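Computed from the coordinates by the stated procedures, all read-outs in this text should not be read as laboratory data. Being a predicted model, the structure only gives us computed values, none of them experimental. In this analysis, Cβ positions are derived from the backbone assuming ideal geometry, glycine residues included, and neighbour counts consider all displayed protein chains.
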Amino acid sequence: MVPQEVDITSVFSCISQLYPEHRLGKIQVHWLSDDELLEINKAHLDHDYYTDIITFDYSSPRKISGELFISVDRVRDNAATHGSSENQEFHRVVAHGVLHLLGFKDKTEAESKVMREKENEVLQALGI
């Protein structure tokens, strides 16, 4: 189910260059369906709704690591809804997850605005 067009390594490299003060360790990306991610959302976060990504942070003080669980269905739907390409949206959501691991949040409107700016910064650096 891995989208062929997603270059995860380039996203990680780009973020490493943009944020050299952070050392990226092992970051696993799992591509799931809406229903599979919903089950994780219910089981681990007690949320009963679809989402595009869930990030589990296993970072230590010296190394950023974690797991990104991404709904392929939701990302494709978001691309259509927002008028962006699937390629752009898949790269955006991977960047979004890694940015969470770096400490960026998106709970408030102000945090969401900063997160979107950081995502755009990564996409621009990738030429997407």
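Which value at 222 nm does the chain reach when only helices count, each DSSP H run of 4 or more adding -39,500 (n - 2.57), with the total divided by all residues and rounded to the nearest 500 deg cm²/dmol?
Rounded to the nearest 500, the figure is -17500 deg cm²/dmol.
Leu32's amide H: which non-local residues (gap 5+, or another chain) put their own amide H closer than 5 Å, with H modeled 1.01 Å from N in plane and none for Pro or chain starts?
Close amide H contacts, sequence-distant or interchain: Ile70, Ser71, Val72.
Count charges around Leu99 for me, please; just the other residues with Cβ under 12 Å from its Cβ, Lys/Arg as +1, Asp/Glu as -1.
Working: positive: Arg92, Lys105, Arg116, Lys118; negative: Asp57, Asp106, Glu111, Glu117, Glu119, Glu121.
My count for the surroundings of Leu99 gives -2.
Give me the one-decimal Kirkwood hydrodynamic radius in Å for segment 76-128, with the sum taken over alpha-carbon pairs. Show your work: numbers first, answer last.
Working: mean 1/r = 0.0885 Å⁻¹.
Mean inverse Cα-Cα distance, inverted, gives 11.3 Å.
So what is the orientation-averaged projected area of the chain, using the convex hull of its C-alpha atoms, in nm²?
On the way: hull surface 30.7 nm².
Its average projected convex-hull area is 7.7 nm².
Report for the chain the percent antiparallel among DSSP-assigned beta bridges with both residues inside it, nearest 5.
Values: 6 of 13 bridges.
Of those bridges, close to 45 percent are antiparallel.
Taking the Cα centre of the chain as origin, work out the dipole magnitude from +1 charges on Lys and Arg Cβ and -1 charges on Asp and Glu Cβ, in debye rounded to 20. Spell out each step's value before the answer.
Numbers: 13 positive and 22 negative charges, 131 e Å.
Dipole of the chain, to the nearest 20 debye: 620 debye.
At 0.36 nm per residue, and after removing the present C-alpha to C-alpha distance, how many nm does the segment from Glu67 to Lys107 gain when stretched out fully?
Working: separation 40, 0.36 × 40 = 14.40 nm, distance 1.95 nm.
Length gained between Glu67 and Lys107: 12.4 nm.
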